[in-house]
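Please read the structure below before turning to the comments.
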């Protein structure tokens with residue numbers, strides 16, 4: 001039930017960002033040119049309501065380019081973390097990969113609200129005392145929403161907070177919340 005509410009809120013926020021982006025064609029949601037950003041956060045791998053792997057520190061780096069006033073394409077590396085299985089101290093999984101996403105956003109006052117959707121090609125090394133499935137990988141859908149603020153500085157420093165969901169990583173979903181700092185170029 002809670003997951004359905006999160007999905008509904010996320011879908012509403014993404015739809016609102018896209019509607020604002022279409023309604024404000026003269027505004028530059030992601031600046032002009034490109035940007036580079038690094039983020040730090042926390043990821044929870046969830047299986048059926050209770051996480052089997054718990055939460056883990058995650059990080060990512062990305063390069064983006066504005067392709068229209070309210071659209072950007074972003075490519076980056078994301079490490080969701082190294083997760084220890086609950087109740088199985090001998091079992092763990094490391095998950096990282098590359099993501100490609102389209103961002104649609106709209107300036108609202110001093111901030112930009114955005115939605116994003118794309119693909120995450122992930123790789124995982126799963127280990128345990130009595131099992132060793134080895135490397136597992138896949139390419140799955142990812143989506144999210146966030147808010148971005150560009151400081152009025154000569155280099156265009158940007159601050160970002162976002163939520164992302166990666167579907168079907170290790171056969172379940174992974175939710176990442178992060179904050180980041182970047183620069184426009």
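Summary table below
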item: Selected residue (only one of 36, 65, 73 is modelled with pLDDT of 70 or more, more than 16 Å from the chain's Cα centre (by Cα), closer than 19 Å to residue 157 by Cα and not in a loop (DSSP other than H, G, I, E, B)); result: 65
item: Which listed residue is under 16 Å from residue 61 (Cα atoms) and either under 18 Å from the mean Cα position of the chain (by Cα) or at pLDDT 85 or above (or both), from 141, 157; result: 157
item: Tally of residues being at pLDDT 90 or above and within 23 Å of residue 59 (Cβ to Cβ) across the stretch 112-135; result: 11
item: Residue match in the stretch 76-96 (condition: more than 12 Å from the chain's Cα centre (by Cα), at pLDDT 95 or above, closer than 19 Å to residue 142 by Cα and part of a strand (DSSP E or B)); result: no
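The values are calculated or read from the model by the stated rules, or taken from the named source; none is laboratory data. Computed from a prediction, not measured in an experiment: that's the story for all the values here. Positions of Cβ are generated from backbone atoms using ideal geometry, with glycine treated the same way; all protein chains shown enter the neighbour counts.
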